[in-house]
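A.B. asks: Handing you this structure, nothing more for now.
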Amino acid sequence: MSETPARALVTGANGFAGAAICRHLRDRGWTLRGSVRSAAAKVPEGIEKIVVGEIDESTDWSAALADVDAVVHCAARVHVLRETAADPLAAFRRVNVAGSRALAAQAAAAGVRHFVFLSSIGAAVAEREPATASPYQQSKLEAEAALREAAGGMVLVILRPPLIYGPGAPGNFRRLARLVAAGRPLPLAAIDNKRSLLFVGNLAGAVEAALACAASPGAPLALCDGEDLSTPELARRIGRACGRPVRLFALPLFLLKGAGSLLGRGDAVAALAGSLTVDNGPIRKSLGWSPAFGVEEGLAMTFRDPQQDAAR
């Protein structure tokens, strides 16, 4: 293992994952700088904030990278519920591919030693099934390739998380938690799938392990909590964690998907109904990492903090 870097830049430090990573590293004595796109964005206490504006191939990272030993790149264009871009793939590529490539090239030129990239398990989907990949998934896979080309002599670690949850989690997890908390009957009982999950605290621990890695792993590293759940079981676990009864009924999957398509929520239904599991074996071997928290602990911590809003 190499000497731990003293200062790190975390991009997207105001986001769900970026803020959690900042808090984790800060609490372990790191000196951190967090980049955001606008001056109005807030970062965790004790983090130096720097505004970089929009992220693309022309972003100037020189001030953000000054005297930095490591970069944790969390900022990205993510899934949106209602896409408005005329060319979604081009919009994803501008931020996720060209923007990431520019950051890595500038980081390498500035003498940065470690670069950790928060990719997505969706990149593996794009690798296996390119014809069915979403623009977001495709952009994450292309970003990984761009970073390998631009990394130079940096230690590059690419992490591929599945669904990340925790206090304040956005996206499908938040929507499901809100429905459970509201006591709504959910038509999920007929879904028979398996999905890997990742508590944000486990993600932060994996980033810390990646920053201590002495050499670039040979491939992207998937990671999860170590227990795969069906969507109905996840709803039940959320209900137990937030103290709400869960009301599930069975709706045939073809009707559920049809309703999702009519309501413009086809992708969300596909995510709820599909299976996607990962194996911690490679990351355990490469980084010596294993999850500190199981799903039960992660969900309990998600709904324990009265300030969190995952179920509101």
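A.B. asks: With respect to the numbered conditions (1) more than 20 Å from PHE16 (Cβ to Cβ); (2) within 18 Å of the chain's Cα centre (by Cα); (3) at pLDDT 95 or above, which one is the sole condition not fulfilled by ALA98?
C.D. replies: ALA98 satisfies every listed condition except (2).
A.B. asks: Let me ask another. Considering region 97-148 alone, what residues qualify as being surrounded by fewer than 20 Cβ atoms within 10 Å (Cβ to Cβ), in contact with a Ser or Thr (Cβ under 9 Å, 6 or more places away or on another chain) and not hydrophobic (A, V, I, L, M, F, W, C)?
C.D. replies: If the condition is that a residue be surrounded by fewer than 20 Cβ atoms within 10 Å (Cβ to Cβ), in contact with a Ser or Thr (Cβ under 9 Å, 6 or more places away or on another chain) and not hydrophobic (A, V, I, L, M, F, W, C), then GLN106, ARG113, ARG148 are the ones that fit.
A.B. asks: Give all pairs with beta carbons closer than 8 Å in which a residue from region 278-304 that is in a helix (DSSP H, G or I) meets a residue that is among the hydroxyl-bearing types (Ser, Thr, Tyr); count only pairs at least 6 apart in sequence or on separate chains.
C.D. replies: Qualifying pairs under 8 Å: ARG284/SER290; GLY298/TYR165; LEU299/TYR165; THR302/TYR165.
A.B. asks: Continuing with this model, one more query. Tally the residues that are in contact with a helix residue (DSSP H, G or I) (Cβ under 6 Å, 6 or more places away or on another chain) and surrounded by fewer than 17 Cβ atoms within 10 Å (Cβ to Cβ), restricting the search to region 272-297.
C.D. replies: 2
A.B. asks: Mind checking which residues of region 22-60 are charged (D, E, K, R) and under 14 Å from VAL95 (Cα atoms)?
C.D. replies: Hits for region 22-60 are ARG37, GLU54, ASP56, GLU57, ASP60.
A.B. asks: Hey, SER261 hits all of (1) modelled with pLDDT of 95 or more; (2) among the hydroxyl-bearing types (Ser, Thr, Tyr); (3) exposed (fewer than 14 other Cβ atoms within 10 Å of the Cβ) but one; which does it fall short on?
C.D. replies: Only one criterion in (1) modelled with pLDDT of 95 or more; (2) among the hydroxyl-bearing types (Ser, Thr, Tyr); (3) exposed (fewer than 14 other Cβ atoms within 10 Å of the Cβ) is unmet by SER261, namely (1).
A.B. asks: Looking at region 121-134, can you tell me whether even one residue there is in contact with a strand residue (DSSP E or B) (Cβ under 6 Å, 6 or more places away or on another chain) and not hydrophobic (A, V, I, L, M, F, W, C)?
C.D. replies: no
A.B. asks: Another question about this same structure. Going by the conditions given, is LEU186 under 12 Å from LEU272 (Cβ atoms) and surrounded by fewer than 22 Cβ atoms within 10 Å (Cβ to Cβ)?
C.D. replies: yes
A.B. asks: May I pose another question? Is it the case that some residue within region 89-96 is surrounded by 15 or more Cβ atoms within 10 Å (Cβ to Cβ), small (Gly, Ala, Ser) and farther than 25 Å from PHE173 by Cα?
C.D. replies: Within region 89-96, not a single residue is surrounded by 15 or more Cβ atoms within 10 Å (Cβ to Cβ), small (Gly, Ala, Ser) and farther than 25 Å from PHE173 by Cα.
A.B. asks: Answer with yes or no whether ALA219 is under 30 Å from ARG7 (Cβ atoms), in contact with a helix residue (DSSP H, G or I) (Cβ under 8 Å, 6 or more places away or on another chain) and exposed (fewer than 14 other Cβ atoms within 10 Å of the Cβ).
C.D. replies: yes
A.B. asks: Right, next: What do you reckon, is GLU233 free of Cβ contacts under 8 Å to residues at least 24 places away in the same chain, within 19 Å of ALA169 (Cα to Cα) and among the acidic types (Asp, Glu)?
C.D. replies: Taking the combined requirement at face value, the residue satisfies it.
A.B. asks: Can you find a residue that is outside any strand (DSSP E or B), under 19 Å from the mean Cα position of the chain (by Cα) and free of Cβ contacts under 8 Å to residues at least 60 places away in the same chain anywhere in region 156-163?
C.D. replies: Looking through region 156-163, none of the residues is outside any strand (DSSP E or B), under 19 Å from the mean Cα position of the chain (by Cα) and free of Cβ contacts under 8 Å to residues at least 60 places away in the same chain.
A.B. asks: Take region 233-250 and flag every residue that is outside any helix (DSSP H, G or I), among the aliphatic types (A, V, I, L, M) and surrounded by 16 or more Cβ atoms within 10 Å (Cβ to Cβ). Before you say what the answer is, go through the steps one by one.
C.D. replies: Applying the first criterion (outside any helix (DSSP H, G or I)) to region 233-250 yields 243-250.
Among the residues that remain, those that are also among the aliphatic types (A, V, I, L, M) are: 246, 248, 250.
The answer is VAL246, LEU248.
A.B. asks: Within region 176-198, is there a residue that is within 14 Å of the chain's Cα centre (by Cα) and among the aliphatic types (A, V, I, L, M)?
C.D. replies: Yes, there is a match, as at least one residue in region 176-198 is within 14 Å of the chain's Cα centre (by Cα) and among the aliphatic types (A, V, I, L, M).
A.B. asks: What pairs can you find where one residue is in region 202-217 and within 14 Å of ARG26 (Cα to Cα), the other is aliphatic (A, V, I, L, M), and their Cβ atoms are less than 6 Å apart, with a gap of 6+ or different chains?
C.D. replies: From region 202-217, the pairs are ALA204/ALA20; ALA204/ILE21; GLY205/ALA292; VAL207/ILE21; VAL207/VAL72; VAL207/VAL116; LEU211/ALA70.
The values are calculated or read from the model by the stated rules, or taken from the named source; none is laboratory data. Just so it is clear, the structure is predicted and the values come from calculations on it, not from any experiment. Neighbour counts run over all protein chains shown; Cβ positions are idealised from the backbone, glycine included.
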